[in-house]
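The values are calculated or read from the model by the stated rules, or taken from the named source; none is laboratory data. What you are looking at is a predicted structure, and each value in this text was computed from that prediction instead of being measured. Every residue, glycine among them, receives a Cβ derived from its backbone with ideal geometry; neighbour counts consider all protein chains shown.
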Amino acid sequence: MSGASYNGYSWKQRELILKAYRRGEAGPDFTLEGKPCGLCGDPNRAPTEWHSEDYSQPFTFEPPQSYPLCKACHLRLHKRFKQPAEEWKLFCRHIDAGGYGSEFVPNYPLKRRRELCARIAAGESIEIEPIRPREDATGWWRELTLDPESLNAPWARPRPLRARPDEEAYRAALESAQPSEQEWAILHFHAEAFRRTTTMREIAREVLRSERPQTANLLYGRLAKRIGQALKWKPDPRSDGTPFWMSVIAEGWQPPSKNRHRRDYELVMAPIVRAVVLS
Ligand SMILES: [Zn+2]
């Protein structure tokens, strides 16, 4: 889907892996030719068709970051946000039954599709005839979100955009930063938040019992700076050029307004930080 963002990566970021692939960064022996579709298993797929779930560097061109796909599955995958959730569910059932992506529309013409989707939406169980046995079904596609916010949100990225120090380095940095009890409470609250995502307002309310997001900002920012300095982390620059020390802990983004309501800036904790905090 050229031009569009996906899994928290802008098109500009997504283009980089395509360029890297064309430059041959996948290696001299790497080929997608002859590989079956990584979703439906169809052996007849266009050799140039492939898909990435993960556009963070260093790039990898193999699962679980990238998959050879057939055109039908690739289209469905990207179209899943614009269609009723039941349509994607029905497609997944078809794949589970051993169907190929290209067989979905012929097997389920529009009228039948609508009928089955309505039954799925009503919570009815539907029978799907097995088509062929499935081999090597890891089922990675079943875990894919249908939340359109995942197109832009950093929580959707399998890996943060910037490569991170390893667990041991983070552990050592935390030790030298010596978080206070309150700072530990902030870290834990953030690590346990849904999608590793929180805001300074939530931290202020839930951890500091304060209505002032600035208080959380100050406290958490100071802790981030100590951790960042211990790691010799070069902080991301803010738009005004000042260092964003929080970048050592989290990726930030401004979510879109909801019902004309401006939402707070969100912080998505890096998975490795979460792992260290909760270990
Ligand atoms: Zn396929």
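Set side by side, the residues Arg164, Arg171 differ, and just one is in contact with a Phe, Trp or Tyr (Cβ under 8 Å, 6 or more places away or on another chain) and either in a strand (DSSP E or B) or under 15 Å from Ala275 (Cα atoms) (or both), which is Arg164. In this structure, is Trp155 within 28 Å of Lys12 (Cβ to Cβ), part of a helix (DSSP H, G or I) and within 16 Å of the ligand (Cβ to nearest atom)? No, not satisfied. When each of Pro68, Pro154, Pro84 is tested for being touching a strand residue (DSSP E or B) at 6+ places or on another chain (Cβ under 6 Å) and closer than 30 Å to Ser257 by Cβ, the lone residue that passes is Pro154. Restricting attention to the range 21-35, the residues being surrounded by 17 or more Cβ atoms within 10 Å (Cβ to Cβ) and either within 8 Å of the ligand (Cβ to nearest atom) or farther than 19 Å from Glu53 by Cβ (or both) number 0.
Of the residues making up the range 81-93, one or more are under 29 Å from Arg119 (Cα atoms), within 21 Å of the chain's Cα centre (by Cα) and of a type in the set (S, T, N, Q). If the condition is being more than 14 Å from the ligand (Cβ to nearest atom) and surrounded by 18 or more Cβ atoms within 10 Å (Cβ to Cβ), then the range 38-53 contributes Ser52, Glu53.
When the range 76-90 is filtered for residues that are among the hydrophobic types (A, V, I, L, M, F, W, C) and more than 10 Å from the ligand (Cβ to nearest atom), the ones remaining, listed by number, are Phe81, Ala85, Trp88, Leu90. Tell me, yes or no, whether the range 54-65 has at least one residue that is within 16 Å of the ligand (Cβ to nearest atom) and closer than 20 Å to Glu149 by Cβ. Within the range 54-65, not a single residue is within 16 Å of the ligand (Cβ to nearest atom) and closer than 20 Å to Glu149 by Cβ. Being among the aliphatic types (A, V, I, L, M) and either within 16 Å of the ligand (Cβ to nearest atom) or modelled with pLDDT of 95 or more (or both) is the requirement here; does Leu18 meet it? So Leu18 does not fit the description; no. Taking residues in the range 23-37 that are outside the structural domain of Phe59 (by TED's automatic domain parsing), and partners anywhere that are within 16 Å of the ligand (Cβ to nearest atom) and part of a loop (DSSP other than H, G, I, E, B), not one pair has Cβ atoms closer than 7 Å while being at least 6 places apart or on different chains.
Scanning the range 11-22 for residues that are without any contact (Cβ under 8 Å) to a residue 40 or more places away in the chain and either within 30 Å of Arg134 (Cβ to Cβ) or not basic (Lys, Arg) (or both) turns up Trp11, Glu15, Leu18, Ala20.
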